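The values are calculated or read from the model by the stated rules, or taken from the named source; none is laboratory data. Please read all numbers here as calculations on a predicted model, not as lab measurements. Calculation scope for accessible area: heavy atoms of the full protein, side chains included, ligands and nucleic acids excluded. Shrake-Rupley method; radii C 1.70, N 1.55, O 1.52, S 1.80 Å.
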Amino acid sequence: MTGLILRLAGPLQSWGERSAFSPERDTAAFPTRSGLIGMFSAAEGRSRHEDPRYYADLEFTVRIDRPGQRIEDFHTVGGGQPKDRTAATSGGARKGDAVITRRYYLADAVFVVAVTGPEADTARIARALHRPHWNPYLGRRSCVPDEPFLLRAHADDPVRELLGHVPLSPRNTEDRPDVSPNEPLVDFVWETYHRGPLPDGATTATAYDVPSSFAPHGRSHGTRTVHRTTEHLPDRPRTRQQELHQQLIDYAKEEA
């Protein structure tokens, strides 16, 4: 099935799995289905009240080039202010005190995502990402993506591109201390595993990140099953950081 390829990289990313606000706002270890569909909806200028199941036919495969380091931000809003200037409640009153949250991010992470689906849908999304109505971000508005962002607007087999063609970012030594930084062992997250039976060592988990509503006062999500594997990509040695940006640009230009 055809599709497009995104590279999600930047100083910070945060992919929440929770549909309600809470004092502790965690991040998933990889881009969520909800976050990616929200990005596409924003690029196409869709309202939060529109049904996100419009994107139900899309499938995501994530290559984890660099998992990043999980960091915490101690965040306060409205401290030291009179009550009428503190944060508002959902009912329109004022809290009277500072709102304290702990927000978690992935620092220096790199993910490459194959988006597969009906060609009419992926082509429309690619056009929107080229000229977005609202700019894309990596989970939170403060998390700006690096360039190049849209590596391929059209790929005949996006998953095959991830496995054999898209340049691999260098790994930090602390990511996998048991593996050489240049060893082409790469973790993948699959909705559907495309390489036969799941290999030994694969893990299967339930992700609570399938959006059924983005409405501000009615966000809701369902679940999906994901599989995480480690793949050996002998034809994709990791690229040195000094050479990576040019190789990514050259790869993106191949389409043109």
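As a length-normalised measure over Cα pairs under 8 Å and 6 or more apart, the relative contact order of region 104-256 settles at 26 percent.
Heavy-atom accessible surface of region 105-176, averaged per residue, reaches 45 Å², computed with a 1.4 Å probe.
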